[in-house]
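What follows is a short report on a single structure.
The values are calculated or read from the model by the stated rules, or taken from the named source; none is laboratory data. Keep in mind the model is a prediction, meaning the values are calculated, not measured. For neighbour counting, all protein chains shown are included, and Cβ atoms are generated from backbone atoms with ideal geometry for every residue, glycine included. The accessibility values were calculated without ligands, DNA or RNA, using every heavy atom of the protein model including side chains. Shrake-Rupley method; radii C 1.70, N 1.55, O 1.52, S 1.80 Å.
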Amino acid sequence: MSCDCRLRLLAEFRNHALFDEGVEAARNACVAGAPLASAAITASAWYSNPLTGAGALRECLRRLLAIGCDVAAFRAAFAPAVHPETRDPNFSPGFGFVAAQQAQSLLSVAAKLGACPAIASGESRLQFYLDQRAELGAPCQELNQAGLAALVFADHGMTLDQAEAQFLIFRVEVALEQAARARQEGVGAFPFFSDEYVYEGKLPPPHELDLVSLMREVGLD
């Protein structure tokens with residue numbers, strides 16, 4: 001993968017519009033002054049999730065490398081199915097599980113990166129996706145971060161292991177940057193303490209703390 005394309009993809013992951021739960025987890029870990037290692041651990045855990053993390057990236061890339069640029073093969077390879085681990089319905093690796101607004105932002109990023117020349121083959125899978133997106137079926141309309149990375153990595157002949165490592169480095173690097181910023185600004189500037197939150201529903205009735213009963217429930221009596 002060329003350095004230029006690597007920097008372009010990493011730069012796009014720094015776009016606030018693409019921030020996700022991994023960035024939020026990293027911020028939460030360090031906002032009260034915890035070391036950045038805490039952010040690295042929490043972000044890595046999120047980016048290893050099977051639906052939008054490294055697992056989805058690997059499976060998306062594996063299918064992309066197997067089918068090449070063919071609409072019928074793409075539709076067959078990415079037909080939605082129940083995820084074997086999480087049992088989520090309509091799973092298609094690299095697609096879905098992303099808010100509509102962010103999916104649109106990712107599509108805009110994909111269009112910007114589409115001009116990046118493929119060096120592993122004469123066919124760009126990213127450009128194919130952009131050109132044929134309307135024909136690829138509903139499940140593949142909502143590109144997520146793992147899918148974007150898989151399309152770029154496929155164009156540059158990366159193996160599954162190489163792609164997984166690069167994806168995690170990219171995502172955790174951005175999360176660490178945001179965690180360091182949150183730690184520097186402190187809890188006083190953290191959005192949770194300044195934004196107005198409105199919770200629906202009724203509060204449960206107040207109860208007195210029964211310490212003896214609680215200790216008995218956890219086996220400390």
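Quick rundown of the values:
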read-out: Stretch gain in nm, segment A180-V218, where the contour uses 0.36 nm per residue and the Cα spacing is subtracted; value: 10.0 nm
read-out: Whole-percent carbon and sulfur share, accessible surface of the stretch 27-148, 1.4 Å; value: 55 percent
read-out: q = 0.16, 0.25, 0.30 Å⁻¹: log10 I(q)/I(0) that the Debye formula gives for the stretch 138-190, counting C-alpha atoms only; value: -0.63, -0.92, -1.09
read-out: Solvent-accessible surface (1.4 angstrom probe) belonging to H156, in square angstrom, nearest 10; value: 20 Å²
read-out: Efficiency of FRET from Cβ geometry, R14 and A72, R₀ 35 Å, rounded to 0.05; value: 0.45
read-out: Calculated FRET value between L7 and E200, using beta carbons and R₀ = 45 Å, to 0.05; value: 0.55
read-out: Global geometry of the stretch 22-72, whether rounded, prolate or oblate, following the gyration tensor of its Cα atoms and the 1.5 cut on a/c; value: prolate
read-out: With at most 10 neighbouring Cβ atoms within 10 Å, loop chymotrypsin sites (Phe, Trp or Tyr not before Pro) (DSSP) excluded, longest segment of the chain; value: 1-196
read-out: Relative contact order %, the chain, counting alpha carbon pairs below 8 Å whose residues are six or more apart; value: 31 percent
read-out: In the stretch 78-183, the trypsin sites (Lys or Arg not before Pro) that fall in loop regions by DSSP, at most 11 other Cβ within 10 Å; value: R87
read-out: For the stretch 15-66, accessible area per residue (1.4 Å probe, heavy atoms of protein chains only), Å²; value: 42 Å²
read-out: Two-decimal Rg to Rh for the chain - Kirkwood Rh, Cα set; value: 1.08
read-out: Label-to-label distance, nm, for residues given as S108 and L136 (7 Å Cα→Cβ offset); value: 1.9 nm
